[in-house]
Amino acid sequence: MIPLQAEALNISFKPLGAAIVFLMMASFLVIGYLFKVADTEGMWVAGRGIGNIENGMAIGSNWMSAASYLGLAGLVALAGFYGLAFIIGWTTGYFVLLIFLAAQMRRFGKYTAPDFVGDRFNSPTARALAAFTTLLIAYVYSVGQARGMGLVGQYVFGLDIIPMIVVMMAITVGYLAISGMMGATKNMAVQYVILILAFLVGVFAVGWTSRGMVLPQIQYGAMIDELARQFSEPFTEGGSSYYLWIATAFSLIFGTCGLPHVLVRFYTVESERTARWSTVWGLFFIMLLYWSAPAMAALGVDLFAAVNSITPEAVYSGSSAMSGAEGDVIVVLAAQFAALPQWLVGFVAAGAMAAAIATTAGLFITASSAVAHDIYTELVNPDASQRQQVLIGRATIVGIGALVTVTAFNPPALIGELVAYAFSLAGIVLFPMFFLGLWWENTNRQGALAGMSIGLFIWITSIINSVLPKYIGFLAEAAGGSTNAIVPVYAQFVPPIGAALVGTPVVFVVTIVVSLATEEPPAKTKKMVRQCHSPEPMGQQQTAEDVVSTDGGQTPADD
């Protein structure tokens, strides 16, 4: 674990900041209780009654995790030009979602991402693979969020990071286990307002106080020449390569389109039109923060150098260089270094907490539905009652919360990098299944199973090759050191953070070739795919399967 440096970050109990965070966390628990659910419809898809602006706000807060609020500015601050790959990847993915997946997913109309895979490809095994992948994504992604909560809690309450991670995760797990998707969605709208106000107020206040900037999102460009080469120039010595930049951006774009906790937002709305408009609103709400993150990074690097009386180059090397932990909280550091009022610094920190909790909520709900609905009900006990499903879902939230909490004590990478591992997995395994499943009716069970199996193999071997040597002794020995990869060439071309550049095309090809070489899917499945593209409106609770089953075998898209 990389501890925060006390001389850089003022780790002490801050009464105003602590009060703000306490009131915010208490409000989340109250909202979760007021909108608590007892049935599966409310637990996992919020009754399919969420409007486009509210869902757009939920998309924004569900999306803008600690990796966006804290980690994105930290990546730009520490890695400069390479950090822009994250901004480009995480925004471009929503355009792909808007055009190719949002409305079609809503028309298919299931509860979960594994639900779609299992029913579209008529395969319990495919459902199980998708559920396993969903759990992996939720676990890896949530570790970064837990770490972010701990770092901010450490700053506000002045305690060690480990008890802060435990306390913050306990509160998050508590309100989720009570509320389900309905309460989580209501909380996400509140959390978005908190996090976006905190970030924008922070960046405007820091820009004005330190540099007299009125619009720092634009004016920070004048600072670029004053900062170190590592911040502004692409592919500097010791930095990222051109290939890694492209691989990272590619993985983040298509990983966005494969994330179960993002796709499930389209199941919570009343129609496909609402799904499209909520994506547009979500992209707008996300843009507000992403437009500001590079400015906060530049201001943070400049202030870090000034406060420590070092040159901009020394920010990146030497005894006073910025650590990874300090980069991860550069947003809060910048507010502190700009000598903003304590309550305002506390508000900025509270925004980071809201961002981390909102994303953790979405991830844990998708994990619980994968276990309770896709594994327990669909594969183990088809006669499970709604009460049993909800109980299994809540137990899953508690279990994965405990595992994430322990892992966050000693994470393998920066917050933004941890999250990118999950994107890489989603882009390799799930995105090809969603895209081909909705746009090529001849994709069949055999093709899906082959593609998903190959995708999981590529991602898992990448993690074993490059990440696990840090933790497992015999792998470190095989790699010649804990910081090395076992097979350097494989790490170069299939890095965990950008494995989708190789993995996703391979999965597409394997899925298509195997589907062509084997029997076509049933006629009913093809009609369900066509129904996903039909211009005819559907009822709020209706699915493509409902339409195909009740129209005598003819769908509007058959014409």
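The values are calculated or read from the model by the stated rules, or taken from the named source; none is laboratory data. Please read all numbers here as calculations on a predicted model, not as lab measurements. Using ideal geometry, Cβ is built from the backbone for each residue, glycine included, and neighbour counts are taken over all protein chains shown. SASA here: full protein model, heavy atoms, side chains in, ligands and nucleic acids out. Shrake-Rupley method; radii C 1.70, N 1.55, O 1.52, S 1.80 Å.
Descriptive notes on the structure:
- Scanning the stretch 378-392 for residues that are polar (S, T, N, Q) and either modelled with pLDDT of 85 or more or open to solvent by less than 10 Å² (accessible area, probe 1.4 Å) (or both) returns Asn381, Gln388.
- Counting residues in the stretch 511-532 that are touching an Asp or Glu at 6+ places or on another chain (Cβ under 9 Å) and of a type in the set (S, T, N, Q) gives one or more.
- Considering residues of the stretch 402-415 that are of a type in the set (Gly, Ala, Ser) and surrounded by fewer than 22 Cβ atoms within 10 Å (Cβ to Cβ) only, the residue farthest from Ile178 (Cα to Cα): Ala413
- Residue check for Ala500: open to solvent by less than 70 Å² (accessible area, probe 1.4 Å), out of contact with any Pro (no Cβ under 8 Å at 6 or more places or on another chain) and at pLDDT 95 or above: yes
- Residue in the stretch 346-368 that is outside any helix (DSSP H, G or I) and either without any contact (Cβ under 8 Å) to a residue 12 or more places away in the chain or open to solvent by 20 Å² or more (accessible area, probe 1.4 Å) (or both) present: no
- From the list Arg120, Arg107, the one residue that fits, being in contact with a helix residue (DSSP H, G or I) (Cβ under 8 Å, 6 or more places away or on another chain), open to solvent by less than 10 Å² (accessible area, probe 1.4 Å), modelled with pLDDT of 90 or more and over 20 Å from Ser251 (Cα atoms), is Arg120.
- In the stretch 206-235, the residues that are over 17 Å from Pro294 (Cβ atoms) and either buried (at least 19 other Cβ atoms within 10 Å of the Cβ) or modelled with pLDDT under 80 (or both): Phe235
- Pro341 being at pLDDT 85 or above, surrounded by fewer than 24 Cβ atoms within 10 Å (Cβ to Cβ) and within 30 Å of Thr112 (Cα to Cα): no
- Counting only helices (runs of 4 or more DSSP H) that fall entirely inside the stretch 53-168 and contain at least 1 residues that are farther than 30 Å from Thr543 by Cα, the qualifying elements are 73-79, 84-96, 124-157.
- Close pairs from the stretch 223-245: first within 13 Å of Pro312 (Cβ to Cβ), partner surrounded by fewer than 18 Cβ atoms within 10 Å (Cβ to Cβ) and modelled with pLDDT of 80 or more, Cβ under 6 Å, at least 6 apart: Ala228/Glu313; Ser232/Ile224
- Some residue of the stretch 93-106 being hydroxyl-bearing (Ser, Thr, Tyr) and out of contact with any Cys (no Cβ under 9 Å at 6 or more places or on another chain): no
- Of the residues examined, Val193 is one that is part of a helix (DSSP H, G or I), closer than 28 Å to Leu263 by Cβ and of a type in the set (A, V, I, L, M).
- Evaluation of Val329 against the conditions (1) more than 23 Å from Asn187 (Cα to Cα); (2) crowded, with 24+ Cβ neighbours inside 10 Å; (3) more than 21 Å from the chain's Cα centre (by Cα); (4) not hydroxyl-bearing (Ser, Thr, Tyr) shows that the sole unmet condition is (3).
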